[in-house]
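Have a look at the structure below before the remarks.
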Amino acid sequence: EAGGRVCVRAKTLTMETLNPQVKAVEYAVRGPIVIKAGEIERILQEGGKKPFTEVIKANIGDAHAMGQQPITFLRQVVALCTFPELLDSPSFPEDAKRRAQRILQGCGGRSLGSYSASQGVDCIRQDIAAYIEQRDQGVPSNWENIFLTTGASDGIVSILRLLVSGEGRARTGVMIPIPQYPLYSAAIAELGAVQVNYYLDEDNCWALDVHELHRAYQAAKQHCQPRVLCIINPGNPTGQVQSKKCIEDVLHFAYEENLFVMADEVYQENVYAPDCEFHSFKKVLYEMGPEYFNSVELASFHSTSKGYTGECGFRGGFMEIVNLDPEVKAQLVKLLSVRLCPPVAGQAAMDVIVNPPQPDEPSFAQFHKEKASVLGALADKAKLTEQILSAVPGIKCNPVQGAMYAFPQIFIPPRAVEEAKALGMQPDMLYCLRLLEETGICVVPGSGFGQREGTYHFRMTILPSPEKLKVLLEKVRDFHIKFLKENSALEEPQCRVQA
Ligand SMILES: Cc1ncc(COP(=O)(O)O)c(C=O)c1O
């Protein structure tokens with residue numbers, strides 16, 4: 001106020017002046033359905049009436065939020081690092097104390113509260129390299145190629161940032177699977193890169209078909225310069241686990257077309273199907289021989305957020321990068337150093353994952369029991385989800401071979417499709433909104449991940465407790481049947497999902 005007059009100053013930052021690349025970003029996992037779910041929860045808390053008593057959130061891969069208990073050993077090590085006086089406490093096992101002391105020795109001033117080197121604490125990087133060598137049955141891993149990150153997300157975006165350049169037809173194209181985890185489309189939009197879709201084969205359990213990669217690559221070359229190939233294995237949202245042969249084909253393609261490969265392997269511990277096994281891109285590349293192993297540029301990503309630990313809030317993760325041009329590597333270190341370092345508590349959590357208790361150590365039995373219990377429950381829930389969903393008329397659900405999600409295809413009757421169009425929303429958004437309003441179940445429309453034109457899906461996590469998951473699946477089944485009936489489609493011959 002000046003001299004009694006109210007000065008209305010225009011804002012500098014408005015929707016008109018906002019960075020347009022920020023406006024282009026979308027992230028369905030925390031999108032409108034989830035906001036609505038929060039509103040409904042508040043109504044219930046305030047005593048409002050709904051046809052259900054609680055909202056069941058199956059929208060995000062956040063295990064602890066869904067009740068998964070932390071792995072004791074991991075929390076012990078992080079607690080000891082955070083409050084070193086506990087190192088004198090008899091309530092903590094010796095192996096946890098040894099791990100904590102080692103980590104603290106690597107920290108400035110022996111404190112978790114100091115910045116680390118931008119690439120992370122040296123001894124943690126060494127533990128990660130040793131873990132990779134063991135995981136990959138002896139394939140060498142150099143700890144200088146390991147970078148700690150703020151969750152896998154930060155590593156993925158940092159690498160994409162290096163890769164985006166050029167104008168017009170020379171602009172970087174980034175090949176991503178469809179359906180995809182929307183971090184990829186969001187980062188591509190924000191960086192102004194060109195999104196190049198390759199479609200996973202739903203009829204073949206969401207397998208990656210190398211012919212489809214060729215098709216997408218050739219089509220994209222007309223308008224951009226594809227430089228990057230992103231792979232998510234095991235898949236999110238699709239839950240498939242790639243075969244070794246498929247990975248070989250993909251790497252061969254990347255070699256032929258000179259593509260930088262980004263292998264998102266955050267679900268490497270989450271494999272449930274007895275006939276599936278996790279193969280790292282790095283190991284397969286090694287087995288293809290030195291011609292490949294010494295040339296294909298590959299960044300692979302891991303995280304504390306998934307696996308059997310589910311420690312999303314620690315924001316721990318790492319990436320291993322092989323065959324990166326040494327000068328570019330220096331540029332990457334420079335870029336990372338601007339942000340100082342990833343959270344050091346997250347680095348400590350990552351260290352426990354790559355350096356868990358060994359059979360001759362005091363914490364082994366409990367650690368092993370807790371790990372097996374989490375992974376066993378996830379495997380049971382993966383099976384239950386597929387079984388219940390695939391028995392529903394108008395729903396088709398592939399086996400959940402790995403990761404933490406099912407991505408069933410849902411038949412949406414033409415009448416409901418028309419209704420959604422009239423409301424200006426995607427048909428699967430309408431479906432998920434109705435599901436939420438009628439049953440309290442919160443899942444994410446397939447349109448947020450990408451899907452073939454004319455097909456509809458939703459993504460749900462398998463993280464709720466077995467009892468809750470069963471309730472959730474039965475409610476989805478009953479809702480779906482009612483939805484078909486209401487749209488008078490149950491008897492229609494097209495009440496089938498697309499082949
Ligand atoms: C495939 C995939 N990559 C990366 C991430 C990011 O995980 P974070 O940043 O928590 O490590 C997620 C999280 O759900 C994911 O599903």
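The values are calculated or read from the model by the stated rules, or taken from the named source; none is laboratory data. The shown structure was predicted, so the numbers you read here are calculated from the model rather than taken from an experiment. With ideal geometry, Cβ positions are generated from the backbone for all residues, glycine too; neighbour counts draw on all protein chains shown.
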Unique match (being more than 14 Å from the ligand (Cβ to nearest atom) and not in a strand (DSSP E or B)) among Gly155, Gly166: Gly166
Among (1) within 30 Å of Gly67 (Cβ to Cβ); (2) assigned to a loop (DSSP other than H, G, I, E, B); (3) touching a residue at least 40 places away in the same chain (Cβ under 8 Å), the one test that Lys381 misses: (2)
Subset of region 384-403 that is within 16 Å of the ligand (Cβ to nearest atom) and assigned to a loop (DSSP other than H, G, I, E, B) - its residue that is nearest to Gly310 (Cα to Cα): Ala403
When residues of region 173-200 are limited to those that are over 17 Å from the mean Cα position of the chain (by Cα), surrounded by 22 or more Cβ atoms within 10 Å (Cβ to Cβ) and not aromatic (Phe, Trp, Tyr), the one farthest from the ligand (Cβ to nearest atom): Gly173
Yes/no for Leu87 being in contact (Cβ under 8 Å) with a residue 12 or more places away in the chain and buried (at least 18 other Cβ atoms within 10 Å of the Cβ): no
Residue, surrounded by the fewest Cβ atoms within 10 Å (Cβ to Cβ), within region 294-324, restricted to residues that are over 17 Å from Phe281 (Cα atoms) and more than 8 Å from the ligand (Cβ to nearest atom): Gly313
Matching residues, region 251-269, being away from the ligand (no atom under 16 Å from the Cβ) and not polar (S, T, N, Q): Leu251, His252, Phe253, Ala254, Tyr255, Glu256, Glu257, Leu259, Phe260
Candidate set: region 1-33, residues that are at pLDDT below 90 and part of a helix (DSSP H, G or I); chosen: the one nearest to Leu469 (Cα to Cα): Val29
Of the criteria (1) crowded, with 19+ Cβ neighbours inside 10 Å; (2) under 20 Å from Phe318 (Cβ atoms); (3) of a type in the set (A, V, I, L, M, F, W, C), which one Ala130 fails: (1)
Residue that is surrounded by fewer than 19 Cβ atoms within 10 Å (Cβ to Cβ), in contact with a helix residue (DSSP H, G or I) (Cβ under 7 Å, 6 or more places away or on another chain) and outside the structural domain of Tyr405 (by TED's automatic domain parsing), where the choices are Gln225, Gln218: Gln225
Condition check for Ser141: in contact (Cβ under 8 Å) with a residue 60 or more places away in the chain, away from the ligand (no atom under 16 Å from the Cβ) and buried (at least 17 other Cβ atoms within 10 Å of the Cβ): yes
Residue selected from region 449-482 under the condition aromatic (Phe, Trp, Tyr) and modelled with pLDDT of 95 or more, by the criterion surrounded by the fewest Cβ atoms within 10 Å (Cβ to Cβ): Phe479
Where a residue in region 156-178 is free of Cβ contacts under 8 Å to residues at least 12 places away in the same chain and its partner, wherever it lies, is in a strand (DSSP E or B), with Cβ under 8 Å and at least six apart: Ser165/Thr172
Meets criteria (out of contact with any Gly (no Cβ under 9 Å at 6 or more places or on another chain) and either modelled with pLDDT under 90 or assigned to a loop (DSSP other than H, G, I, E, B) (or both)) for Thr53: no
